[in-house]
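Below: one structure, written as structure tokens.
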Amino acid sequence: MNVADSQRVAAELEQLGYTYSRQPAEADVIVLNTCVVRQSAEDKATGRLSSLRPLKVNNEKLVINLMGCLVSPKNQDELRRRFPYVDVFSPPSDPGPLIAYLTQRTEQQGQVEAVRMRNAVMDGELVLPHSDVARVSAFLPVVLGCSHGCTYCVIPSRRGAERSRPMDEILAEARNLTYQGVREITLLGQIVDRYGHDLEPQLDLSDLLERLDDMEGLLRIRYLTSHPSFLSNRILETTARRAKVCPHIEVPVQAGDDKVLKAMRRGYTVADYRNLVQKIRGYLPEGSIGTDIIVGFPGETDDQFLSTVNLLEDLRLDVAHLARYSPRPGTPAFRNMSDDVPANEKLRRFRILEDLQERVVGEINARLLGTHQEVLFEDRVKNRWRGRTRTNKLVFVQNDENLTGQLRSVKITWTGPWSMQATLT
Ligand code: SAM
């Protein structure tokens, strides 16, 4: 979501005549887009912000914009005191304050008639690709905010209540992206499978997938993140039937124990999740499944953690995004539960799952050796082309042709847990 937000700011800055710069010291505008989902992300953001201070001292015309979940309506005065060299504060997904500031400044300087080409650098949690290089793959937010209220999660208090974007607006944006050369669109939402349920008339994610599947120029469609309680048969059926919709489902389980799931207020049981994985595999036999897991949630016992280990071992999923529980001010878990699993124990649990998952994914990928896969190539890294299979697995190919944006059939020649190598067929 942050990458999508950064891309949106970049597009708006380009409209004003700015271009991308790789060197913060050369930039006229620096946007630091921040994430606070875990304390470590927040620390990284404030660390980066502090490191920008000398740039402002050397160049007083530099505009620094702090954006994203670090900025909430409640903490702006405190942020202004802590970081007086920041010129503009913007909430998540909102380029408005920066654009208004730059436009007003340009007007004051009497330069409206000829906005000079300037440099803007996007920085922070995730670094943007060079914005004037055609992108093959783009993110498109379709559900903003979240209203689910998982007890550990700070997102609802930072990104606001759940709201779906109108379908026409999304389709227009998707069309625009394909004109610019984008071939793959990933629809984003904290609970993307709730898309349209709040719209009048009510819509469904499958309606959007059908419309996008018909769009000329677009080759692939993905969506994330799904929630186990809302991933309907209709969505899975559409995913299976529509050729451009990729069979890769990101559906976080978070924990393998019912008591922990209840304390997290996730709204499903471990048995529900097991059934769902079986159902997904029924609809998408060639598909892949990703999950998220938090270890060391308040009160998580060793036995409860072992249930998570067993679940991950049994289900053999393709991806597991692992996190150690991080208490976030403003969340129900922060207010009402004690962060009682010691840091070294959280790390121990994290490493057990990490090792298990590395072994499982290594085995899953090894089965792909010698098979033919369809890969959409995105870019070149060093001397190899980088692309992804329909199941979202990373593939590298050495070739002299320019493969950017091409959908090609490859034969897998080497596999590892995190990537594979292949040759064109
Ligand atoms: N909205 C999605 C969902 O409902 O699962 C994912 C969004 S969140 C940005 C990505 C992941 O961060 C979550 O799935 C969860 O595993 C992790 N996460 C969120 N809050 C956390 C916390 N307080 N401590 C550790 N991990 C956390």
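Below are the figures for this structure:
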| quantity | calculated |
| --- | --- |
| Whole-Å semi-axes of the chain's equivalent ellipsoid (Cα gyration tensor) | 35, 29, 22 |
| Whichever lysines have a C-alpha closer than 23 Å to that of Lys74, once near sequence neighbours (fewer than 8 apart) are set aside | Lys44 |
| Unit charges on C-beta of K, R, D, E only; dipole of the chain, Debye | 580 |
| Computed log₁₀ I(q)/I(0) - Debye formula, equal Cα scatterers, no solvent, the range 173-224, q 0.15, 0.16, 0.20, 0.31 Å⁻¹ | -0.42, -0.48, -0.71, -1.19 |
| For the range 1-82: rounded, prolate or oblate by the Cα gyration tensor [a/c cutoff 1.5] | oblate |
| Mean separation of Cα contacts under 8 Å (6+ apart) over length of the chain, as relative contact order % | 12 |
| Förster-model FRET efficiency, 41 Å R0, Asn336 and Asn399, C-beta, rounded to 0.05 | 0.15 |
| Gln278 paired with Arg234, simple spin-label distance in nm, labels 7 Å along Cα-to-beta-carbon | 2.5 |
| Label point distance in nm, Arg265-Trp418, each placed 7 Å from Cα along Cα→Cβ | 3.6 |
| Cα centroid separation - the range 313-374 against the range 205-251, whole Å | 25 |
| Using a Förster distance of 56 Å, the FRET efficiency for Thr425-Arg348 (Cβ separation, nearest 0.05) | 0.80 |
| Pairs of Cα atoms farther than 26 Å apart, the range 277-397, % | 38 |
| Length released on extending from Ala4 to Asp303, taking residue separation times 0.36 nm less the Cα-Cα span | 103.7 nm |
| Calculated log₁₀ intensity ratio I(q)/I(0) where the Debye formula runs over C-alpha points of the range 280-345, q = 0.12 Å⁻¹ | -0.42 |
| Ratio of Rg to Rh over the range 140-216 (Cα coordinates, Kirkwood Rh, two decimals) | 1.01 |
| Gyration tensor verdict on the range 207-340 (Cα atoms; rounded if a/c is under 1.5, prolate if a/b is larger than b/c, oblate otherwise) | prolate |
| Largest to smallest principal axis extent of the C-alpha atoms in the range 198-254, angstrom | 37, 29, 16 |
| Charge dipole (debye, nearest 20) of the range 360-425; +1 at Cβ of Lys and Arg, -1 at Cβ of Asp and Glu | 80 |
| Anisotropy class of the range 239-287 from Cα gyration tensor, a/c 1.5 cut | prolate |
| Computed [θ] at 222 nm, helices only, for the chain once each DSSP H run of length n ≥ 4 contributes -39500 (n - 2.57) | -11000 deg cm²/dmol |
| Antiparallel DSSP beta bridges within the chain, percent to nearest 5 | 35 |
| Square roots of five times the Cα gyration tensor eigenvalues for the range 365-425, Å | 17, 11, 10 |
| Surface per residue (accessible, 1.4 Å probe) for the range 246-350, Å² | 44 |
| Whole-percent carbon and sulfur share, accessible surface of the chain, 1.4 Å | 49 |
| Protection proxy ranking of 197-206, 265-274, 225-234 - average other beta-carbon atoms within 10 Å, highest first | 225-234, 265-274, 197-206 |
| Positive-end residue, the range 1-95 charge dipole about Cα centroid, Cβ charges, pick of Ala25, Pro92, Val37 | Val37 |
| Label-to-label distance, nm, for residues given as Gln180 and Glu78 (7 Å Cα→Cβ offset) | 3.5 |
| Proximal lysines relative to Lys393, as straight alpha-carbon distance under 18 Å, when same-chain residues fewer than 8 apart are discounted | Lys244, Lys411 |
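The values are calculated or read from the model by the stated rules, or taken from the named source; none is laboratory data. Treat the numbers as computed from the prediction; the structure is a model and nothing was measured. A quick note on method: Cβ atoms are made from the backbone with ideal geometry, for glycine too, and the neighbour counts reach across all protein chains shown. Please note that ligands, DNA and RNA were not included when accessible areas were found on the heavy atoms of the full protein model with its side chains. Shrake-Rupley method; radii C 1.70, N 1.55, O 1.52, S 1.80 Å.
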